[in-house]
Amino acid sequence: MKPDLSTEFIGIHSPNPFWLASAPPTDRAVNVQRAFKAGWGGVVWKTLGIDPPVVNVNGPRYGFWQGDNHRVQGFSNIELISDRSILVNLSEIAEIKAQWPDRAVVVSVMFPLEESVWAEWLPRIEATGADGIELNLGCPHGMSERGMGSAMGQAPELVEMVTHLAKSHTRLPVMVKLTPNVTDITWSAAAAQAGGADAVSLINTINSVIGVDLEQMAPMPVIDGKGTHSGYCGPASKPIALHMVAEIARNHQLRSMPISGIGGVTNWRDAAEFMALGSANIQVCTAAMVYGFRIIEDLVGGMQTWMSEQGYTRLEDFIGRAVPNISDWSNLNLNFVTKAKINADSCIGCGRCHIACEDTSHQAIGHISGSSKYMVRTEDCVGCNLCVAICPVPDCISMEPMKSGIDPRTGTPIAATSMNWTQHPKNAINLSAAVMGEHAGEDNVIAD
């Protein structure tokens, strides 16, 4: 039997945890119909604003940078919220929800800080049969200049105020989409919690300049010779998103807050990582725009295959499993020692590990005598992992823990017990305590 991927996220049921995020792929009924036919579990409808609708640019809306294989690694956009009438959108939302009652339909909104607007439109959204509301407090361009989007999301007091406003005028669950353009994401999450949010979703796009067109000397994308800051997303944003999700998940005050994870999810493994760090639900945008809606087949099939291999029968079996292992640096085990090891049979003698280690690290890699291949000198290796990162041959270099014996680099015995920085004798606090201990009783000796 295949693992069960169905979810009940803040009271919203969907056949799988994969939702399309609020963005161009969820801008209209025809897109959402196609997505649901492909197998997506839900959508967050592209952000609605009040009439008159916003005006989008009529030129390039997207900027991007590509890796060596020409695949998009980073993506940016200067598109605003839906430029269609709110009434047209609501009509289509009602149509979609009636046709697909088993799929999640959450409506993203961005309204000004006027209670009359929220009082009028949230009940009308509720009347469509939609399952929930997402507050877009993260858009970093265009709308932020009008006092909405990240202009609200960067101010915790406004996050709390807007969340409370929304909760006051709808019976639907309210999810707050957080901006990453802050110093500490937990402040925003705590504000959403104080306002009564049922969940948070993160991250929204990162304020950025994706690149410069050196012919036109303007930021990309270029609109008639000029460019502007934009919202950055795509695979390269995943590490930032994972960090912010983890900070909320491990926070004592916030750890009960349901999280919808967003940011660079391209395949099932990305999704599993978000879920291991506490996300009970996953939203996807850029990958769908680059590869099409059929990537849901990889997300669902890959997740089920991996779960079967691990012995997981439902998502709850592993959601949040990595959270207890998130640590501050000061709590890491400083007695843990690893050394790089090169598999001579796999080594192709390219020398990339040698060059990187020789020029920028600890000069710990050299030629095997009489061979074009390389080996690690354990007496110089600090276990930094750089060689693993740059080796072009999968699994050619591994990091091997030393469980016992003497570390040939430091000449000290491998300790069986763990010791972190708070316990280390070179920590200034411990050093001071040791010095005080050495001089204990000296005053009495002098007095005598």
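At a glance:
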| quantity | calculated |
| --- | --- |
| Where a residue in region 416-431 is at negative phi and among the aliphatic types (A, V, I, L, M) and its partner, wherever it lies, is open to solvent by less than 50 Å² (accessible area, probe 1.4 Å) and in a loop (DSSP other than H, G, I, E, B), with Cβ under 9 Å and at least six apart | Ala416/Asn335; Met419/Asn335 |
| Answer residue from region 139-173, given it is at pLDDT below 95 and open to solvent by 30 Å² or more (accessible area, probe 1.4 Å) and is farthest from Thr228 (Cα to Cα) among those | Gln154 |
| Flag if Ser404 is of a type in the set (S, T, N, Q), over 36 Å from the mean Cα position of the chain (by Cα) and either at pLDDT below 95 or open to solvent by 50 Å² or more (accessible area, probe 1.4 Å) (or both) | yes |
| Cβ-Cβ under 8 Å pairs, at least 6 apart or on other chains, region 145-173 side within 24 Å of Asp131 (Cβ to Cβ) and of a type in the set (A, V, I, L, M, F, W, C), far side open to solvent by 30 Å² or more (accessible area, probe 1.4 Å) and not in a loop (DSSP other than H, G, I, E, B) | Met152/Leu158; Leu165/Glu115; Leu172/Glu126 |
| Search result, residues across region 77-112 that are open to solvent by 70 Å² or more (accessible area, probe 1.4 Å), more than 12 Å from Leu48 (Cβ to Cβ) and hydrophobic (A, V, I, L, M, F, W, C) | Ala98 |
| Residue match in region 174-194 (condition: of a type in the set (Lys, Arg) and at pLDDT 95 or above) | yes |
| Options Thr205, Thr266: the member that is within 17 Å of Leu299 (Cβ to Cβ) and among the β-branched types (Val, Ile, Thr) | Thr266 |
| Residues (exposed (fewer than 15 other Cβ atoms within 10 Å of the Cβ) and outside any loop (DSSP other than H, G, I, E, B)) located in region 51-76 | Gln66 |
| Meets criteria (hydrophobic (A, V, I, L, M, F, W, C), within 16 Å of Ile133 (Cα to Cα) and crowded, with 16+ Cβ neighbours inside 10 Å) for Leu48 | yes |
| Residue match in region 347-357 (condition: free of Cβ contacts under 8 Å to residues at least 12 places away in the same chain and of a type in the set (A, V, I, L, M)) | yes |
| Identity of the residue in region 1-30, of a type in the set (Gly, Ala, Ser) and within 15 Å of Ile282 (Cα to Cα), that ends up most open to solvent (accessible area, probe 1.4 Å) | Ser6 |
| Strands (runs of 3 or more DSSP E) wholly inside region 189-273 that include at least 1 residues being within 21 Å of Tyr291 (Cα to Cα) and open to solvent by 20 Å² or more (accessible area, probe 1.4 Å) | 230-233 |
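The values are calculated or read from the model by the stated rules, or taken from the named source; none is laboratory data. Quick caveat: nothing in here was measured; it's all calculated off a predicted structure. Cβ coordinates were reconstructed from backbone atoms using ideal geometry, including for glycine residues, and neighbour counts include every protein chain displayed. Each accessible area value is taken on the protein alone, full model and side chains, heavy atoms only, with ligands, DNA and RNA left out. Shrake-Rupley method; radii C 1.70, N 1.55, O 1.52, S 1.80 Å.
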